[in-house]
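Worksheet: one structure, shown below.
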Amino acid sequence: MKETHSTRKKEFIELLSPHRDSLYRFCMHVIWDKNSAEDVLQEAILHAYKNFDNFQPGTNFKAWLFRFVINKIFDCNKRLKKDLQHVIPCQEWDIIEHLEKEEAYASILENPSVFFEKVDDRIKDALLSLTSTERMVFLLKSVEGFTYKEIAQFLEIPIGTVMSHLFRSRGKLGELLAGYARKMGFVRPTP
């Protein structure tokens with residue numbers, strides 16, 4: 001017996017509900033414009049619903065949804081001709097500065113959803129200084145907890161490229177936010 005439209009709609013909504021906040025948070029932190037993020041999320045969910053017959057039950061529904069969101073973000077970036085690819089020259093630092101930056105990074109990510117809700121302009125600017133792909137890889141791995149393999153599939157890039165984007169994004173964020181993290185108490189001041 002063929003499923004009715006209302007049954008499929010109900011199933012889709014039930015599967016979607018636990019992931020709405022995560023999807024919205026991801027859109028906001030990649031796009032940083034509430035209206036655009038809401039539009040992208042709405043378009044992505046509608047597109048996912050239209051393609052729900054292609055979803056394989058028993059597979060990762062959250063990952064399946066994120067694929068639609070990422071595609072819509074790419075579409076949005078193309079439409080708005082956003083070029084967020086700023087190059088920040090890497091500066092050498094001594095080992096103590098390096099360890100401070102690693103500690104700052106780890107401390108900030110202990111509870112990323114709470115942290116990102118409270119971001120100020122300095123953190124927003126640091127995230128926006130990442131390329132769009134670096135920012136997506138960083139958020140998908142560090143905040144959403146996807147595996148390298150899942151991220152590689154979402155972005156259609158090799159796993160090694162995912163790893164290098166993550167390494168570069170963490171380095172850039174560490175460089176840009178070490179002083180801020182120390183000032184805000186995420187890192188103990190050096191004696």
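The values are calculated or read from the model by the stated rules, or taken from the named source; none is laboratory data. Computed from a predicted model, the values in this text were never measured in an experiment. Every residue, glycine among them, receives a Cβ derived from its backbone with ideal geometry; neighbour counts consider all protein chains shown.
Key figures
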read-out: Conditions (1) over 18 Å from the mean Cα position of the chain (by Cα); (2) closer than 21 Å to L155 by Cα; (3) modelled with pLDDT under 85; number of the one not met by Q56; value: (3)
read-out: Residue list for segment 160-191, restricted to those being of a type in the set (V, I, T) and either at pLDDT below 85 or touching a Lys or Arg at 6+ places or on another chain (Cβ under 6 Å) (or both); value: V187, T190
read-out: Scan of segment 30-58 for residues that are out of contact with any Phe, Trp or Tyr (no Cβ under 6 Å at 6 or more places or on another chain) and buried (at least 16 other Cβ atoms within 10 Å of the Cβ), ordered by number; value: V30, I31, W32, S36, A37, V40, E43, I45
read-out: Qualifying residue in segment 70-82 (condition: outside the structural domain of D39 (by TED's automatic domain parsing), modelled with pLDDT of 80 or more and either part of a loop (DSSP other than H, G, I, E, B) or of a type outside the set (K, R) (or both)); value: no
